[in-house]
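See below for the structure under consideration.
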Amino acid sequence: MKVNVAVVGATGLVGSMMLKVLSEKNFPIDKLYLFSSKKSAGSEVEYCGKKYTVEELNENSFEGKDIKIALFSAGGSVSEKYAPIAAKAGVTVIDNSSHFRMNPDVPLVVPEINPEDIKTNKGIIANPNCSTIQSVLPLKPIHDKYKIKRVIYSTYQSVSGSGVKGISDLEEGTQLAYKYPIRNNCIPQIDVFMDNGYTKEEMKMIDETKKILHDDIRVTATTVRVPVKTSHSVSINVETEKPFEIEDVKKIIADYPGMDLQDDIENEIYPMAITSAGKNEVFVGRIRRDFTVDNGLNLWCCADNIRKGAATNAVQIALKVLEG
């Protein structure tokens, strides 16, 4: 059954990728509506060989169009105002901003992990933070089998996480997205600082991990912007309650949906940003013991932050919504 679909923020980096992934997944679209700010309204976007005119988003954009699903990627303030309007019009909103993620009435979903949470939605479903998505995927099977006590994240996040301004800072040497040069540099700040000394990005990873895994696990994070165009990399240190064998951990990760195990140190094969770019999977490797604690584990994961970290995950949620 084909349905009417809207993409809000259709001309942006993530919005454009949402359209690409919808096409790749052969999403059953009847009518497609594209919305953006006034600045981009009137521009033309091609989807599956057909050109669509982008409309300016307003309070009446969702009325009388029988839109089943709207993918939002236009920032928190736009989502705050327009997602409830869309939901009231009978649309299921899948929102890529951080605005609704920690709202107890809004499910926060990675489809491979907690698809059942979709059924509790009241018109809005939140897409998690890009670095959280790729990190919780390997954590889920480990937590199910060995019960995680504590997690330490250290991220190496690409400039595309800051949109076209971040890419410009890297490629053109501008300083549109960052206070400091990103070329030949690593910036240990993503988003604004909070009163507790953590950045907002770090607190997103901490809080979202607990919500997605439905467990009050002890989590800490340090998030860093690095001079890489696409794909985030995350070093994850885990302490579990139950003992494990490294080969068993590798097997449960290799067998879990959405992940690709790349862990062949003899041949120096492991996940990298450059090889995960353009892919929808989360790549996991460098799995080894942390000998400083009982039941300690280190692993490394890479994923395309615009795909699995945003657009692909949102489209996967949309497909689950259609399954009912």
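The values are calculated or read from the model by the stated rules, or taken from the named source; none is laboratory data. Fair warning: this is a prediction, and the values are worked out from it, not measured in the lab. Every residue, glycine among them, receives a Cβ derived from its backbone with ideal geometry; neighbour counts consider all protein chains shown. Surface accessibility is based on the protein's heavy atoms, side chains included, excluding ligands, DNA and RNA. Shrake-Rupley method; radii C 1.70, N 1.55, O 1.52, S 1.80 Å.
Here the Karplus relation 6.51 cos²θ - 1.76 cosθ + 1.60, evaluated at θ = phi - 60°, turns the backbone of the range 22-28 into coupling constants of 4, 5, 4, 8, 6, 4, x Hz, with x for every Gly and Pro.
Dividing the convex hull volume of the alpha carbon atoms of the range 116-240 by its residue count gives 123 Å³ per residue. Distance between the 7 Å Cα→Cβ label points at K2 and S23: 1.7 nm. Taking amide H atoms as placed 1.01 Å from N in the peptide plane, the amide H of A221 lies under 5 Å from those of Y153, each 5 or more residues away in sequence or on another chain.
Against the chain, whose longest principal axis comes from its Cα atoms, helix 312-323 is set at around 70 degrees. Might you tell me the accessible area per residue for the range 131-303, computed with a 1.4 Å probe and given in Å²? Heavy-atom SASA per residue in the range 131-303 reads 48 Å². Taking other residues whose beta carbon is less than 14 angstrom from the beta carbon of N103, and scoring Lys, Arg as +1 and Asp, Glu as -1, yields -2.
Could you tell me which of rounded, prolate or oblate describes the range 99-188, using a ≥ b ≥ c as the square roots of the eigenvalues of the alpha-carbon gyration tensor, with rounded for a/c under 1.5 and, failing that, prolate when a/b is larger than b/c and oblate otherwise? Verdict is oblate for the range 99-188. Other residues whose C-beta falls under 13 angstrom from the C-beta of I274 contribute a net charge of +1, scoring Lys and Arg +1 and Asp and Glu -1.
For chymotrypsin sites (Phe, Trp or Tyr not before Pro), the sites in the range 239-324 that DSSP calls loop and that have at most 11 other Cβ atoms within 10 Å are F291. The listed peptides 66-73, 309-316, ordered by packing as a protection proxy, come out as 309-316, 66-73 (highest mean of other Cβ atoms within 10 Å first).
Placing unit charges on each Cβ (+1 for Lys and Arg, -1 for Asp and Glu) gives the chain a dipole about its Cα centre, and among P227, F27, S154 the Cα reaching farthest toward its positive end belongs to F27.
To the nearest ten degrees, helix 200-213 and the longest principal axis of the Cα atoms of the chain are 80 degrees apart. The alpha-carbon of K20 sits under 20 angstrom from the alpha-carbons of these lysines, leaving out residues fewer than 8 places away in its chain: K2, K31, K50, K51, K68, K229, K279, K308, K320.
Solvent exposure of the range 20-60, expressed per residue, is 63 Å² of accessible area, with all protein chains present and a 1.4 angstrom probe. If you line up the long axis of helix 130-146 against the longest principal axis of the chain, both from Cα atoms, how many degrees apart are they, to the nearest 10? The angle comes out at about 50 degrees.
Sparse packing (at most 16 other Cβ atoms within 10 Å of the Cβ) combined with a DSSP loop state is found for the following GluC sites (Glu not before Pro) in the range 262-296: E268.
Taking only protein heavy atoms and a 1.4 Å probe, the accessible area of the chain is 48% carbon and sulfur.
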